[in-house]
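Reviewing the structure listed below.
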Amino acid sequence: MQPIRTLRSRTVVLGAANIDTDQIIPARFLTTTTRDGLGQHLFADWRYDADGPRHDFILNGVDARNCSILVAGRNFGCGSSREHAPWALLDYGFRAVISTEIADIFRSNALKNGLLPVVVDAATSQWLIEHPGAEVSIDLPASTLTLPTGAAISFVLEPFARNLLVNGIDELGFLIEHDAEITAFEHGRPQG
Amino acid sequence: MASAPRTLLQKIWDQHEVVAETAETPAVLYIDLHLIHEVTSPQAFAVLGERGLGVRRPELTLATMDHSTPTRTEQIFGGAPISIESAAQQIRQLERNCARFGVELLGLRSAQRGIVHVIGPELGATQPGKTIVCGDSHTSTHGALGALAFGIGTTEVGHVLATQSLLQRKPKSLAINVTDRLQPGVTAKDLILWIISRIGVSGGTGHVIEYRGPGISALDMDERMTVCNMSIEAGARAGMIAPDETTYAYLAGRPRVPQGRQWEEALTRWRALPSDAGARFDREVAIDAAAVEPMITYGTNPGMVIPINGAIPARAGDAAFDQALAYMGFEAGTQLKDKSVDVVFLGSCTNGRLSDLRAAASVLRGRRIAPGVQMLVVPGSQAVKREAEAEGLHEVFLDAGAQWRESGCSMCLGMNGDLVGKGEYSLSTSNRNFEGRQGVGARTLLASPLTAAASAVRGRVTDPREILGH
């Protein structure tokens, strides 16, 4: 997992509320046994039609490829638990998603892969949605998002998750360190 | 041992906390049952292989195949090739992984195979007080038996395989208090759609829902599973119902429940699980079951739902709402009733259990589905299929003109080639009406098995009470 300390990028905006993981990556692309190469299918049904790429869809623009921050409407990532959704976003080139609300399972999956979920207030979200392509910066250790206006907005990320992201550590190592406690717990339980 | 009154959630949490959470670190939570399937496990097994790790408790892990698995009998039992080669590879990969890591697999031709959330309860592997996880968001289904059950991602599947534990922050609690009882012709599916219409598709985010009250106690186990199943459609990772005599009667005698004296001991433990009188919830919502009507969705998320005789609302200035209606080919202010349907899907972890098939058959018996309508009936498990056939339900469906398939997720998410065509209307008993969920450009209307069957007969969206005579 790549550590994240700071990100500076122009934004890509998908302002609709309730963008579900079936939109992020449709189920027909889940018959894979690896996590590689999913970026080409990101938002496939919004991005392509029978004739190929839809030029009016923002992710097909030249600029979007160079952006690492996605701004989305409320309740981003709802629905299916498929971790292919953050895998596809990361493979495309995104490193952070900003919304007023991010669905629980998507948020958990994002954190485990180094995709930063940033939850902001409604006014900040509205400003970002109305200013697509704005150059913003994220300082993860300070948990602040800075807009081109100079406004610095704090966001909440619990210290544990922040530490893992900043240092590029995955949780499995942390869990394995608790092996002795897990074993003791198993021995102390009623059977059956 | 005087202590503050605790909720069902708090009790199960307390019993599984290996390491307590602190301000700095989440809890280490022990997992009693890990269900796995072919789609969200291969990358997790790959991590075990890369790190030289084994499966810590293979006997607490149970695998089956359902998501990308064919429902055509000839592809399962007849030696015909599985039509999607990548799906066939995924199935073979699960077989190899389970053999290598010593995990029990209810495989392609197993008589116990089925949708993972149907077979857990059916086998008695799902039990009150357990922590249950699966790489699937509808794991919330198992909470109907008084378990704490929630969906996880593939990285977490790897964590549980390796350590039988997860790092978790304790979620907030949301009590949904359901008074009174459902009216005839109104089902558990209508109740949960009604609840989602009240609290919204993100109303449960960050929470575990406990469904409570006489309107819930009156439900049988299949109905309770339908309610808990769609908790995630309200944003809640888990939904649960306190175990009671209905739960114990359902579990008694199932193959994987404790036997003899251990059954009695388990009952004693389970009877202590329900939320204590006076236990505090972070939020509470009141629902009157008697007010619920047959519900149907009109848009592209399960919160876009109305009573079957209602009109599609308008939301001025909401571009996403208008886009959803455009996708569906509907206009604000119009009724859904009498709109024509092309496909009817009866099945899924929401409504693929025996009582769902019985309900639909009660409408279809002696009737035919309308010309031009394609109806697919997919039992939730091979056991459901056998039980349905033993009572002749398959003949009711076949005589009506429907297709009768092997079990699996099928057209709920269309991974296995069971698809709805572009622009077609599908009246589906499944759980998600997202754009493209049942096929590129497919338009899904979610409703109950009764509404599905009634609409199949008329070829138009139909209030089942008109046919049932309620």
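The values are calculated or read from the model by the stated rules, or taken from the named source; none is laboratory data. Because the structure is predicted, anything quoted here is derived from the model rather than measured. Positions of Cβ are generated from backbone atoms using ideal geometry, with glycine treated the same way; all protein chains shown enter the neighbour counts.
Some points to look at:
- Residues that are within 23 Å of B:Asp338 (Cβ to Cβ) and either surrounded by fewer than 20 Cβ atoms within 10 Å (Cβ to Cβ) or of a type in the set (Val, Ile, Thr) (or both), drawn from the range B:268-306: B:Val292, B:Glu293, B:Ile296, B:Thr297, B:Thr300, B:Val305, B:Ile306
- Looking only at the range A:155-188, and only at residues there that are in a loop (DSSP other than H, G, I, E, B) and within 8 Å of another protein chain (Cβ to nearest Cβ), the one that is farthest from the chain's Cα centre (by Cα): A:His178
- Selection within the range A:50-65 - farther than 18 Å from B:Lys422 by Cα, loosely packed, with under 11 Cβ neighbours inside 10 Å and either charged (D, E, K, R) or within 19 Å of the chain's Cα centre (by Cα) (or both): A:Asp56
- Some residue of the range B:26-47 being without any contact (Cβ under 8 Å) to a residue 40 or more places away in the chain, over 27 Å from the mean Cα position of the chain (by Cα), surrounded by fewer than 23 Cβ atoms within 10 Å (Cβ to Cβ) and within 14 Å of chain A (Cβ to nearest Cβ): yes
- Residue count for the range B:227-276, restricted to those that are over 24 Å from B:Gly204 (Cβ atoms) and in a loop (DSSP other than H, G, I, E, B): 10.
- Residue in the range B:406-421 that is farthest from the other protein chains (Cβ to nearest Cβ), counting only those that are in a loop (DSSP other than H, G, I, E, B) and among the small types (Gly, Ala, Ser): B:Ser407
- Just one of the listed residues (B:Arg57, B:Arg92, B:Arg51) is within 30 Å of B:Gln10 (Cβ to Cβ), within 10 Å of chain A (Cβ to nearest Cβ) and not hydrophobic (A, V, I, L, M, F, W, C), and it is B:Arg57.
- Of all residues making up the range B:64-90, the number that are touching a Gly at 6+ places or on another chain (Cβ under 8 Å) and farther than 15 Å from B:Asp418 by Cα: 2
- Among the candidates B:Gly253, B:Gly239, B:Gly235, residue that is in contact with a His (Cβ under 9 Å, 6 or more places away or on another chain) and not basic (Lys, Arg): B:Gly235
- Residues of the range B:328-376 that are hydroxyl-bearing (Ser, Thr, Tyr) and either assigned to a helix (DSSP H, G or I) or under 26 Å from the mean Cα position of the chain (by Cα) (or both): B:Ser348, B:Thr350, B:Ser355, B:Ser362.
- So B:Ala320, is it small (Gly, Ala, Ser) and either free of Cβ contacts under 8 Å to residues at least 24 places away in the same chain or outside the structural domain of B:Asp418 (by TED's automatic domain parsing) (or both): yes
- Residue within the range A:140-154 that is away from chain B (no Cβ under 14 Å), exposed (fewer than 13 other Cβ atoms within 10 Å of the Cβ), of a type in the set (Ser, Thr, Tyr) and more than 17 Å from the chain's Cα centre (by Cα) present: yes
For every residue, the table says whether it meets (1) surrounded by fewer than 24 Cβ atoms within 10 Å (Cβ to Cβ); (2) within 14 Å of chain A (Cβ to nearest Cβ).
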site	(1), (2)
B:Ala149	no, yes
B:Glu156	no, yes
B:Arg169	yes, yes
B:Val178	no, no
B:Leu182	yes, no
B:Ile192	no, no
B:Glu210	no, no
B:Pro214	yes, no
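- For B:Glu265, the stated conditions hold: it is without any contact (Cβ under 8 Å) to a residue 12 or more places away in the chain and charged (D, E, K, R).
- Helices (runs of 4 or more DSSP H) within the range B:1-112 that include 1 or more residues farther than 30 Å from B:Phe281 by Cα: B:42-51, B:73-76, B:85-101
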